[in-house]
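Working notes, structure below.
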Amino acid sequence: MNKIEQQNMKSRSLLAVARLFLGVATIVAIYLGAMASGLLPALSPAPAEFLSTRWAHVFNVPVGYLGAALYGTLFLLSGTALSRPCKALALAQILALVTAMVAIYFTVVQHFFTGGLCGGCGIVHGLAVGGSAILLAATLTPGGRTIDYSPSPESICAALGIVTALSIVQSLQSDKPLAVTVELNPDKVLPDVTRVDFGTAKLVSLYGRFTINPEHYPVIGSTDADNFIVAVMDYLSEDCRAAHRQLVDLQRAYGKQLAVIELPGTSSPESGLIHRSMLELREASKQEFVALSELIYNTENVGELTNARIIQEIQKRIPASSIRAALESSGNDIAQRLAVAREVQNAASNDSAAPKLPHIIVRSQVVTGVSDIQEYAQMIQRNLNLAIPDLTNRNATDLKPPTVKLETPEIKIGQVSPGMEIPISIPVSNGGQSPLEVRWVQFGKDCQLVAVPKTPIHEGQSADIQVLVKVPSDKQGPFQRTFTIHSNATPEGNKVRVSGSI
């Protein structure tokens, strides 16, 4: 065997090793991308924390997929490196430099921005850099011809440009998390669930980690909040009703810093039916959902709460056809959303056969049952590093409590025609000193709530409640409808009557 044949055999051996490294790197990168997008469960919990952040995405595409495309290109390139060494080497230089720089970039990002290192990512970077280096070594002297393998200025500039563009894109991405991660029993694999998929929302159990889309459930506060906690709640539970009021106070104290996702928890078949009906209403009108939810939470006699009654209340507010259209538009995935909540509830319960609610979940810490609001705040401080706001005097004030002042207790609309739909504004003023918050409006049949004030009404100010009165088409003579305004005012439950003649 002559010298050239020996060199060619050595190059082919090196290329085989390079292709092995790059092939494995490509497969693992695809897996990490699928894990970041929620398509596959994790083999270990370590990478999950980093892969759920914005630094693991570019334009909401997991960087694992982009890395797989880069490594796959090098894998294919290695197959032609001997037959077309000059072209292969020129492209390999750029891609090898990009691979090395990106590996260093993501290692720095993980350490300084997420406070940890992703082991799977490190393996991929090592394999890719090693494969690229071996690929370059294999193309140094193919066929006995020495090739200048030193990186050209153009190669260095191209590699630096690609990495710079990547860092700029990632730094400009929103800090808002793609989803909320709830960690339950992170060291133990849950045996009964690996994944529930529906549309763009996914629940993935990654060693006890559940990823929840905040757009798909009731939220106390804003979906643009800086931090989220999760509460598993049941309308029929007295403890949940008490916890709901505490969580409302807690969220108001934190403001934009915090929001609470309320997952539907079920303690009986009836509560499951109520949650389904309420989630269907939420798809059609979030405003009507909030109003009815507050009405339910403030109903004194829990025994009056049945799914049949809830459906009657819903039908007063939203036509069934509007709900059906909203469900079709959203993919009709209410059953899957309830399944997500059920899995989280089961994971948080020590005894899922006899669940006790509520569950308040802050990262990996769970409090079951009603607790003091200060304990909730301490949980948030420990797990989210948020300072505890002043909660001791949240209800104690020297200011006069808010009061509802109405221009008139009765709005007369005069003579109307059968079947008309009449928009009506109900002016509401605050006669107290503390801010007035209109929480919901209760009304009878043939009426619809259009809008309530979304911000507190301050002392001396006023705002309008917009309603729609539907005149009966099968009656003659006088008619009237009554609206009850529920708020934080004293006294509570102010009534306005609308009257007219058909």
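The values are calculated or read from the model by the stated rules, or taken from the named source; none is laboratory data. Only a predicted model underlies this, so the values are computations on that prediction, with no experimental measurement involved. Ideal geometry is used to build each Cβ from the backbone, glycine not excepted, and the neighbour counts take in all protein chains shown.
Tabulated values for the structure
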quantity	calculated
Selection within region 299-314 - without any contact (Cβ under 8 Å) to a residue 12 or more places away in the chain and either in contact with a helix residue (DSSP H, G or I) (Cβ under 8 Å, 6 or more places away or on another chain) or aliphatic (A, V, I, L, M) (or both)	308
Residue list for region 291-310, restricted to those being in a helix (DSSP H, G or I), farther than 17 Å from residue 267 by Cα and at pLDDT below 85	291, 294, 295
Unique residue being in contact with a helix residue (DSSP H, G or I) (Cβ under 7 Å, 6 or more places away or on another chain), more than 27 Å from residue 366 (Cα to Cα) and either at pLDDT 90 or above or in the same structural domain as residue 324 (by TED's automatic domain parsing) (or both) when the list is 270, 288	288
Output for region 455-466, where each listed residue is within 24 Å of residue 284 (Cα to Cα) and either of a type in the set (Ser, Thr, Tyr) or more than 33 Å from the chain's Cα centre (by Cα) (or both)	455
Residue list for region 2-53, filter: within 27 Å of residue 133 (Cα to Cα), surrounded by fewer than 17 Cβ atoms within 10 Å (Cβ to Cβ), at pLDDT below 70 and not polar (S, T, N, Q)	3, 4, 5
Top-ranked residue in region 458-502 [being under 14 Å from residue 414 (Cα atoms) and in contact with a Gly (Cβ under 7 Å, 6 or more places away or on another chain); ranked as surrounded by the most Cβ atoms within 10 Å (Cβ to Cβ)]	481
Strands (runs of 3 or more DSSP E) wholly inside region 323-433 containing at least 3 residues that are within 26 Å of residue 256 (Cα to Cα) and modelled with pLDDT under 85	365-368
Checking residue 286 against (1) within 21 Å of residue 452 (Cβ to Cβ); (2) surrounded by 16 or more Cβ atoms within 10 Å (Cβ to Cβ); (3) among the basic types (Lys, Arg), the condition it does not meet	(2)
Near pairs, Cβ below 7 angstrom, 6+ apart or cross-chain, from region 281-298 (closer than 17 Å to residue 222 by Cα) to any residue that is basic (Lys, Arg) and part of a helix (DSSP H, G or I)	288/317; 289/282
Single unsatisfied condition, residue 437 versus (1) surrounded by fewer than 16 Cβ atoms within 10 Å (Cβ to Cβ); (2) of a type outside the set (Gly, Ala, Ser); (3) modelled with pLDDT under 85	(1)
Qualifying residue in region 299-307 (condition: within 18 Å of residue 357 (Cα to Cα), assigned by TED's automatic domain parsing to the domain that holds residue 233 and touching an Asp or Glu at 6+ places or on another chain (Cβ under 7 Å))	yes
Only one of 438, 452, 469, 498 that is hydrophobic (A, V, I, L, M, F, W, C), closer than 22 Å to residue 312 by Cα and under 35 Å from the mean Cα position of the chain (by Cα)	452
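Residue by residue, here is whether (1) out of contact with any His (no Cβ under 8 Å at 6 or more places or on another chain); (2) more than 14 Å from residue 486 (Cα to Cα) holds:
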position	(1), (2)
413	yes, yes
416	yes, yes
419	yes, yes
425	yes, yes
429	yes, no
433	yes, yes
441	no, no
